[in-house]
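Chemist: Would you mind keeping the following structure in view while I ask a few things?
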Amino acid sequence: MKIIIVGAGQVGKELIKRIKKEWYITIIDNDENKLKQIVEFLDSGALNRTVLIQGDGTSKLILKRAGLEDAKVFVACTGDDEANLEACRIAKEHNVPSIYAVSNHIDHDAWFEHEGIECINKAVATASLLERRISSGVVTATNIGLGKGEIVEVTILPTSMLVGYPVSKFTSRRWRIVAIFRNNKLLLPTKKTVIKPGDKVLIIGEPKILKHIVGLIRSGEAQFPVQFGAEEALLVKSDDHINMRAVKDGTFMAKSTKINSVSIFTCFPEFSNIKHIFETEAPDQTIKAEQLKLCEKEFAEKVKDDDIGIIILPDLYKEWPLYFGIKTLPVEIAEETLSPVLIGRGTTPYKKILVPVSGSFNGYRALEIGIEIALQIEAEISAVYVTTDASLEEEKIKIIQDKITKFSSLYKQEINLIVKEGNPISEVAKLSKKFDLVILGARKGKKTNWFSPYPPYHMLHRTKCSTLLTCVGE
C-alpha cells in the first residue's frame, strides 16, 4: 500500500522506521538535510519502495508529483499546524481514503475536527501513554492474554463494504467485531447491529492477519487470501490429468496472491514430482507435502487449521447428491471452514473473472474477493445478474449497478455488469465458458434439493472453468 508523509521531522522519521517493511512511502519536506537523514536508516529493500521529494507539502503540484491519486493513506506531521491542515485539505479533495494530521498545539485540534480530519495531538498522545504506564493493572491493546490475539480500532469510511450491513454478516474464525463507538457512545453489537459510516469498530483477532483486515476495510487494498489465512491447502488424489489441473491452479495461486506457504496433501506415496512443480513454479513459498491414509476424510480435518486461506480440490465431485439434499465435499468444507474452496479445472492464468451477483451480501463478498484477485493478477472482472425478466427489475438492476460502481471506485478497478435472462444456474454455466475463473458467494447452512436448488452450490459443479466458492456465516 502507498502512503504519503508530509514532514520528515522526528515524527515522520519514527513513522517511517515502523512501516518501511510493508509500505510504499513518499516523504515530502523542504529541508534537504532531513531527507538525507531518512536515507541513512533505510535498507536496500525499503529504499526501493521509498520516494523522497524536496518541496512544499501544501503545494498541489508537489502533491500531484507525489502520486496523491494513488495514495491509500496521507499523513501530515510537520511542526506547523496550518501547513498540516492545508496539506490534509488537499488530500481530502482527492479522496484519499485515510487522512491523519499531527496537531502540535491543543488549541488547534478544533481546526482539524471542523474539517473532518482525524488528528493526533502530541501532548495528549504522550500524556495518554504515560497514564497507561503508571496505572497499575492496565493492559495496552497491542497484546492481550497469552499474546495470541490483538485489538485494533478502525474508522469505517463511507466507501467501506461494511457500511449498511449487520455485524452478523462478518463471521470469521480469526477475527471479530466486538465493539462499536458511535457518536461518542459505546455499543456492544448484536447480530442485527448495522455498521454506519464514521463508526469506530474494535476488532479482535490474530495479530498476523489484523493488519490485512484493516487494509481491506479501510482502503480497499488487495489482501486475498490473507483475511482468511496465509496458507494454501491442496488435495491431490492421484497423478492423472484431472488432479494435475488442480495442481496447475495451486501453483498459479501460490505465485500470484499473498499466500505465504503451501501444504500439499496426497492420497498416494509418490508426491515428490508434485512438490517439485511447486518448488519450480513458486520458489518463494514454503512447500510441505504429506500423504494421507484416509484421504478425503483426513483432508477435511486438516483444513480446519486456522491459517488456511484457500483450499483447492480437483474436479472430481458430481452435482447429483445436491438434488437429494446431500452436500458435496467441496460444499461441506466451505461451510465448515468458511475459507474459500477452489475447484481447480486448470484454466489458468485467470485473465477474465466472472462473479454472479443477486443483490445479496454473499454475492458482494464474492465480488470483493474477485476484485482482490483481479488486482493482484491484472485480470478483467465482470459481474453477472440473472433475472427472469429484466424489464420488471429495472430498479433492482440499478441498485446492483450502483453498488458495483461503489466497489469500482473504492478499488480503482473497472467492473462490467452483465444482465442475463433465464435460469441462474444454467446461464452462469453457459457464460463460464468465456471466463477463466468464476467466484461464487453462498450462505452457510442453506438447504438445497431437487425442488429448491440453491444456485451457488449447483453452479460450483456445473461451471466449465476453475471456480471458487466462499461462504459467509449463517
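Chemist: Report the local net charge at Ser391: Lys and Arg +1, Asp and Glu -1, summed over other residues whose C-beta lies under 14 Å from its C-beta.
Modeler: -2
Chemist: Measure nothing fancy, just the Cα-based angle from helix 207-219's long axis to the longest principal axis of the chain, in degrees from 0 to 90, nearest 10.
Modeler: 80
Chemist: If I take R0 = 25 Å and measure r between the Cβ atoms of Lys60 and Glu22 in this structure, what FRET efficiency does the formula 1/(1 + (r/R0)^6) give, to the nearest 0.05?
Modeler: Efficiency, rounded to the nearest 0.05: 0.35.
Chemist: Still on this structure, please answer the following. Given the stretch 227-327, what percent of its DSSP beta bridges are antiparallel, to the nearest 5?
Modeler: Beta bridges within the stretch 227-327, antiparallel portion: roughly 0 percent.
Chemist: Nearest 0.05, what FRET efficiency do Phe41 and Arg462 give at R0 = 51 Å with Cβ-Cβ as r?
Modeler: 0.35
Chemist: Just check the stretch 343-428 against the gyration tensor rule for me: Cα atoms, a ≥ b ≥ c as the square roots of the eigenvalues, rounded for a/c under 1.5, and otherwise prolate or oblate depending on whether a/b exceeds b/c.
Modeler: oblate
Chemist: Computing the accessible area with a 1.4 Å probe over protein heavy atoms, can you report the carbon and sulfur percentage for the chain?
Modeler: Percent of accessible area from carbon and sulfur atoms in the chain: 51.
Chemist: Any of Lys192/Lys412; Lys297/Lys444; Lys21/Lys255; Lys297/Lys430 with alpha carbons more than 23 Å apart? Name them for me.
Modeler: Over 23 Å Cα-Cα: Lys192/Lys412; Lys297/Lys430.
Chemist: What number comes out for the charge environment of Ile425, summing +1 per Lys or Arg and -1 per Asp or Glu over other residues with Cβ under 12 Å away?
Modeler: Overall, the nearby charge balance is +1.
Chemist: Taking the Cα atoms only, what angle lies between the long axis of helix 272-281 and the longest principal axis of the chain, rounded to 10 degrees?
Modeler: Its long axis makes an angle of about 40 degrees.
Chemist: Oh, and also: So, in nm, how far is label Glu290 from label Ile397 when the simple model puts each one 7 Å beyond its Cα toward the Cβ?
Modeler: 5.0
Chemist: Next question, about the same structure. Where only protein heavy atoms count, and the probe is 1.4 Å, what is the accessible area per residue for the stretch 215-356 in Å²?
Modeler: Dividing the accessible area of the stretch 215-356 by its residue count gives 40 Å².
Chemist: So which lysines can Lys433 reach, going by Cα to Cα under 17 Å and dropping same-chain residues fewer than 8 places off?
Modeler: Those lysines meeting the cut-off are Lys351, Lys352, Lys420, Lys464.
Chemist: Can you tell me, using C-alpha contacts under 8 Å and at least 6 residues apart, the relative contact order of the chain as a whole percent?
Modeler: 10 percent.
Chemist: Related question: Using DSSP, restrict attention to beta bridges with both residues in the chain and report what percent are antiparallel, rounded to the nearest 5.
Modeler: 25
Chemist: Same structure, new question: Accessible area per residue for the stretch 374-444 in Å², computed with a 1.4 Å probe and the full protein assembly in place, what is it?
Modeler: Here the per-residue accessible area is 50 Å².
Chemist: Kirkwood Rh, the chain, all Cα pairs: how many Å?
Modeler: In the chain this quantity evaluates to 24.3 Å.
Chemist: Can you give the helix-only mean residue ellipticity at 222 nm for the chain, where every DSSP H stretch with n ≥ 4 adds -39500 (n - 2.57) and the sum goes over all residues, rounded to the nearest 500 deg cm²/dmol?
Modeler: Rounded to the nearest 500, it is -10500 deg cm²/dmol.
Chemist: Could you give the length gained by full extension between Glu113 and Lys304, i.e. 0.36 nm per residue of separation minus their alpha carbon distance, to one decimal place?
Modeler: Once the chain is fully extended between Glu113 and Lys304, it gains 64.2 nm.
Chemist: Restricting to bridges with both residues inside the stretch 266-392, how much of the DSSP beta-bridge set is antiparallel, in percent to the nearest 5?
Modeler: Approximately 0 percent, going by the DSSP bridge assignments.
Chemist: Ignoring ligands, DNA and RNA, what accessible area per residue does the stretch 35-115 give at 1.4 Å, in Å²?
Modeler: 52
Chemist: Let me ask something else. How far apart, in nanometres, would the label points at Ile106 and Asn183 be if each is projected 7 angstrom from Cα along the Cα-to-Cβ direction?
Modeler: Rounded to a tenth, the inter-label distance reads 2.8 nm.
Chemist: For the chain, which cysteines have no second Cys with its Cβ under 4.7 Å from theirs?
Modeler: Lone cysteines by the Cβ rule: Cys77, Cys88, Cys119, Cys465, Cys471.
Chemist: Which of the pairs Lys200/Lys403; Lys64/Lys403; Lys13/Lys200; Lys258/Lys327 have their Cα atoms more than 25 Å apart in this structure?
Modeler: Among Lys200/Lys403; Lys64/Lys403; Lys13/Lys200; Lys258/Lys327, the Cα-Cα distance tops 25 Å for Lys64/Lys403; Lys13/Lys200; Lys258/Lys327.
Chemist: Round to the nearest 10 and give me the degree value, 0 to 90, for the angle of helix 10-19's Cα axis relative to the longest principal axis of the chain.
Modeler: Approximately 10 degrees, to the nearest 10.
Chemist: At q = 0.14, 0.18, 0.20 Å⁻¹, what is the base-10 log of I(q)/I(0) for the stretch 39-139 according to the Debye formula with one equal point scatterer per Cα and no solvent? Please give it to two decimals.
Modeler: -0.66, -0.92, -1.02
The values are calculated or read from the model by the stated rules, or taken from the named source; none is laboratory data. Since the structure is predicted, the reported quantities are computational estimates derived from the model, not experimental observations. With ideal geometry, Cβ positions are generated from the backbone for all residues, glycine too; neighbour counts draw on all protein chains shown. Note: areas computed on protein heavy atoms with side chains; ligands, DNA, RNA excluded. Shrake-Rupley method; radii C 1.70, N 1.55, O 1.52, S 1.80 Å.
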